[in-house]
Amino acid sequence: MDCAYVKRLFSPAIDGYLTEFEQVNFEAHLKECPDCQRELELLNKISFHLKELASLPEYAVPDGFTGQVMSRLKETKKSRLLIIPAKWKAGFAAVATAIIIAGSTFGLSGGMKIAKESELALNGHPETKVLEQLPVASDMQPESSSPDRQKGDMLPDKSIDTADADKKLTDGSIRVTSKGNIDPVRETALSSPPAVLLNKDIKLTSTLLKIGTPFPSEVKKKALNFASSSGALSQVYPEQVTDDKKIQFIRLNTSTDRAPGLISELLGMGTVISNQGESRNITAKYNEALASYQELVAKMDAGGDQDKQVLAAQAEALKQQLDNWTEESKNHAIVLWIESPKNQ
Amino acid sequence: MGVSKENTVKELVRKSQADDLTAFEQLVLLYQKRVYTLGYQLTGNYDDAQDLSQEAMIKAFYSIKGFRSEADFGTWLHRITVNLWINTRRKNRIENTYSLDQPISMENGNDVKPDLPAENADPLEIAERNEFKEAIRKSLKELSKEHQAVIVLREMQGYSYEEISSILSCSVGTVKSRLNRARQTLKEKLLTSNYN
């Protein structure tokens, strides 16, 4: 055994992972090589100290750890519930509609990136960060602890632009201090609703285009290029695979006047399976949500028994939904469903 | 883990898989120490350890339907934690370097000025010095995340090569060679920091 070979055995030797044969030869080499002996001794010493570092008083779990996890979890769950209608899991037939709805809730109209891959999972748990980023009570850390940290850092990167969430903060969303008080600087946001009760209808206009093609990648590329050149914002969802086909979803957000031209172009990119336009009148739903929002604000102002932080979080979620609906009503959402045989 | 606790965990996992938040809260309570400790060993500071371990718990809740009951729940949580940490962007990474002219600021607030060893000093002499352990911690933070992870999992968490291969989703052979390289690099960083 030469030194180079023996060096490769240091680590398994420290861990007791040498074979009998290796052990015998390893020991024989060490007897004749003081350099290797010294190196092994140092590595053993490092290993010994690392093991000592395994238990330190500073590893004591901070007070309230579980409570903080659960509060954050409840908030993310709530935001997910708002984002994922029951339709999500109802199968492909409902998925496209759900994407349209989800798109509005993601605030994509403001922060969506052109043709950027999203990790939104259709059958799993969409990992949105928009609401998670908001400093609702449960998520608050003392101001002194790493003020420059971004909470989302520890999550896998998502393409959804979380800058949007930050923007919402400065745009008047509620903020709760670590002591559970409403930050007076931003408190005014709660007393000014996102919109007044509507005396005209609010409609979400969408189109589901299903096209078939043996060349899904090319069609996807063409569609994204065209969408981009016509000023539409695109969101690509992960490809879904069924027993016999693959389906690629692309959600395009465009202004109402540009939508017909875009749809007509997309229809020419493959065999049209279906072309369904839909206009959902959500005025009643909107007004209902607005009434709930106002009720929450009133409760907070009254300072009742209920936890202000919880109320603030609920109000914020509703406010965001209302804002998103308002924004979405100005646009036309097109969901392009590109279907291809599985063996492509 | 005793049989009764094991059964309790299984039951709590089963309920959590059915979206029972109260059951999941019990799991968080049971495993917070294990997850937080690993979080601290990986990140090396309180704030990041908090963030990482909380995110890991939240991710665990949303992934729990995919957990197979025959696996160890604590190891599964560690797997989430390590992978979350490795995948974290490497921003704000503090490069810890030592200067022979400047005192080393220890985490306990004390400053230690390194003694210059004689040129032919035995490296083992360093081991005798008080700051050796701190130097190891700092050198460890200079390694790549993959190397740090494998060292923490082996030396501090005491996982076997097989368990590490499962946690990091790589072969036992990869664990073996990565651990060897990590240890060598750590040793070199340590020596460089003192013999620069």
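Residue count for region B:9-46 under the criterion of being of a type in the set (Val, Ile, Thr), crowded, with 16+ Cβ neighbours inside 10 Å and over 22 Å from B:LEU153 (Cβ atoms): the result is 1. Only helices (runs of 4 or more DSSP H) whose full extent lies in region A:241-344 are considered here, and the ones with at least 1 residues that are closer than 26 Å to A:MET70 by Cα are A:283-302, A:308-328.
Looking only at region A:28-43, filter to residues that are more than 8 Å from every other protein chain (Cβ to nearest Cβ) and open to solvent by 90 Å² or more (accessible area, probe 1.4 Å); which one of those is nearest to B:LEU38 (Cα to Cα)?
Step by step, filter region A:28-43, then rank; the result is A:ASP35.
Filtering region A:44-58 down to residues that are open to solvent by 10 Å² or more (accessible area, probe 1.4 Å) and in a helix (DSSP H, G or I), which residue is modelled with the highest pLDDT?
The qualifying residue modelled with the highest pLDDT is A:ASN44.
Take the conditions under 19 Å from B:ILE86 (Cβ atoms), facing another protein chain (nearest Cβ under 9 Å) and touching a helix residue (DSSP H, G or I) at 6+ places or on another chain (Cβ under 6 Å) and apply them to B:ILE164. Does it pass? For B:ILE164, the condition - under 19 Å from B:ILE86 (Cβ atoms), facing another protein chain (nearest Cβ under 9 Å) and touching a helix residue (DSSP H, G or I) at 6+ places or on another chain (Cβ under 6 Å) - is not met. Checking A:GLU20 against (1) modelled with pLDDT of 90 or more; (2) acidic (Asp, Glu); (3) within 44 Å of the chain's Cα centre (by Cα), which test does it fail? Status for A:GLU20: all satisfied but (3). Figure legend. Inter-residue proximity from region B:131-158: first residues without any contact (Cβ under 8 Å) to a residue 24 or more places away in the chain, second residues open to solvent by 20 Å² or more (accessible area, probe 1.4 Å) and among the charged types (D, E, K, R), beta-carbon distance below 9 Å, spacing 6+ or different chains. Indicated pairs: B:PHE132/A:LYS45; B:LYS133/A:GLU52; B:GLU155/A:LYS51; B:GLY158/A:LYS51.
The values are calculated or read from the model by the stated rules, or taken from the named source; none is laboratory data. Bear in mind that the values here come from a model prediction, so they are computed numbers and not experimental data. Methodologically, a virtual Cβ is constructed for each residue, glycine included, from the backbone with ideal geometry; neighbour enumeration extends over all protein chains shown. When the accessible area is computed, the model is the full protein with side chains, heavy atoms only, and any ligands, DNA or RNA have been set aside. Shrake-Rupley method; radii C 1.70, N 1.55, O 1.52, S 1.80 Å.
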